[in-house]
Structures are given as C-alpha cells and as structure tokens.
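This report concerns only the one structure given below.
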Amino acid sequence: MLPTLIAVITVVVIVVLWVISTQRKLVVLDDNVSNAMSQIGVQLSSRFDALTALLDLTKVYANHESEKLIEAIKLKRNVITAKSTPEDLLKQERVIYEALGRIIMISEQFPELKADQNYIKTMDAIEAFENMMRTSSLIYNDSVTKLNREIRMFPVSMIAGMLGFCKKEYMEEEKII
C-alpha cells in the first residue's frame with residue numbers, strides 16, 4: 001500500500017510541476033507577443049506625431065485642406081496597446097497612408113513646400129518610423145510563431161486552453177496601392 005501511495009504522490013507532483021513549468025513558459029511567450037505589439041504602438045504613435053508635424057508644415061500652403069485632414073486623423077486615430085490586434089493596427093496604417101497620400105498631393109501642388117528642409121526631414125522621419133515598424137512587425141510575428149507553435153504541440157496542447165492561452169493572429173502587411 002505504501003509504495004503505491006508514494007508512486008501516486010510522485011506522479012501527481014511531477015504532473016503539477018510540469019503544469020506550473022508549462023504555464024510559466026506560456027506566460028513568457030505571451031508576454032513577448034504583448035511586448036512586441038506595444039513596441040509597434042510606440043512606433044505608430046511616433047509616425048502619427050511626425051504626420052502631425054508634416055500637416056503643420058502644409059498649413060501655410062493649403063490651410064483648409066490641412067485642417068480637414070487633421071480633424072479626420074483625430075477622429076480615426078486610436079492608440080495601439082499590448083491588447084490590440086493586428087486588424088487594429090491595419091486600420092491605423094490605413095489612416096496614415098490616406099493622410100500621407102493627401103499630403104503628397106498637396107506637396108505636388110506647391111513645389112516650395114516639397115523643397116522645404118523641414119518637410120524633407122519630416123518625410124525622412126516618417127520613412128524611418130515605417131522601417132522601424134516593419135522590424136517591430138517581424139519581431140511580433142516571430143513571437144506569435146513561438147507562442148502558437150508551443151500551444152499546438154503535444155502535450156502542451158492538452159492544457160494550453162485550460163490555462164487561458166490561445167493562438168494569436170499574425171500581422172500581415174497590407175499592400176496599399
């Protein structure tokens with residue numbers, strides 16, 4: 001009787017330790033995904049700030065158009081947080097691309113704006129933030145891959161759902177033409 005009890009207790013302890021270890025690993029992987037999304041949110045916020053600065057520069061040349069664009073951006077802008085989804089991010093990207101397209105149209109009408117050093121520097125900053133967002137998106141997708149792979153593999157797949165972990169969506173770059 002005693003050897004059986006010891007064997008049962010040993011198996012239970014091993015299973016409990018494995019569940020705790022697995023939960024801790026999944027928490028780390030999930031936190032990596034959340035952190036990557038937060039980093040993307042920071043980059044996106046910086047792009048919006050640069051876009052706002054660009055709009056301020058266009059006010060001198062096309063005040064009415066700039067004011068309408070600023071209002072449109074204020075209405076559509078949302079903060080990207082760790083809890084945001086890739087779809088939330090794509091919506092914000094569309095806002096930026098739409099605004100940039102309109103700013104470029106304004107700059108085509110006013111060559112002196114296009115030649116302004118502040119305009120050039122701000123456009124360069126927007127491009128730099130866009131490149132950083134691409135890098136952050138790669139990191140996010142890599143983190144999602146690691147989490148999703150762990151969740152899908154046996155034996156973790158048996159308890160991941162019970163522990164509250166589910167697959168995350170990948171971030172896909174939307175082609176805007």
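The values are calculated or read from the model by the stated rules, or taken from the named source; none is laboratory data. Being a predicted model, the structure only gives us computed values, none of them experimental. Cβ coordinates were reconstructed from backbone atoms using ideal geometry, including for glycine residues, and neighbour counts include every protein chain displayed. Side chains are part of the model used for accessible areas, which takes the heavy atoms of the whole protein and leaves out ligands, DNA and RNA. Shrake-Rupley method; radii C 1.70, N 1.55, O 1.52, S 1.80 Å.
Numerical summary
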| quantity | calculated |
| --- | --- |
| Top-ranked residue in segment 69-100 [being within 12 Å of Met37 (Cα to Cα) and part of a loop (DSSP other than H, G, I, E, B); ranked as modelled with the lowest pLDDT] | Val79 |
| Single unsatisfied condition, Ile80 versus (1) open to solvent by 40 Å² or more (accessible area, probe 1.4 Å); (2) under 23 Å from Val28 (Cα atoms) | (1) |
| Residue check for Thr135: within 11 Å of the chain's Cα centre (by Cα) and without any contact (Cβ under 8 Å) to a residue 12 or more places away in the chain | yes |
| Matching residues in segment 74-96 - criterion: being closer than 22 Å to Ile139 by Cβ, out of contact with any helix residue (DSSP H, G or I) (no Cβ under 7 Å at 6 or more places or on another chain) and not basic (Lys, Arg) | Thr85, Pro86, Glu87, Asp88, Leu90, Glu93 |
| Conditions (1) modelled with pLDDT of 95 or more; (2) farther than 23 Å from Leu44 by Cβ; number of the one not met by Ile139 | (2) |
| Helices (runs of 4 or more DSSP H) completely within segment 104-172 that count 2 or more residues being buried (at least 19 other Cβ atoms within 10 Å of the Cβ) | 117-152 |
| Count of residues meeting criterion [among the small types (Gly, Ala, Ser) and surrounded by fewer than 19 Cβ atoms within 10 Å (Cβ to Cβ)] in segment 34-72 | 6 |
| Selected residue (criterion: farthest from Ile120 (Cα to Cα)) from residues of segment 54-85 that are within 22 Å of the chain's Cα centre (by Cα) and of a type in the set (Val, Ile, Thr) | Thr85 |
| Tabulated pairs, segment 85-97, first under 19 Å from Glu169 (Cα atoms), second assigned to a helix (DSSP H, G or I) and open to solvent by less than 30 Å² (accessible area, probe 1.4 Å), C-beta under 6 angstrom, 6+ apart or interchain | Gln92/Leu44 |
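So that you can scan it fast, the table gives a plain yes or no per residue for (1) at pLDDT 95 or above; (2) out of contact with any Cys (no Cβ under 9 Å at 6 or more places or on another chain); (3) of a type outside the set (Val, Ile, Thr); (4) closer than 30 Å to Met133 by Cβ:
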| residue | (1), (2), (3), (4) |
| --- | --- |
| Pro3 | no, yes, yes, no |
| Trp18 | yes, yes, yes, no |
| Ser21 | yes, yes, yes, no |
| Arg24 | yes, yes, yes, no |
| Leu29 | yes, yes, yes, yes |
| Ser38 | no, yes, yes, yes |
| Gln43 | no, yes, yes, yes |
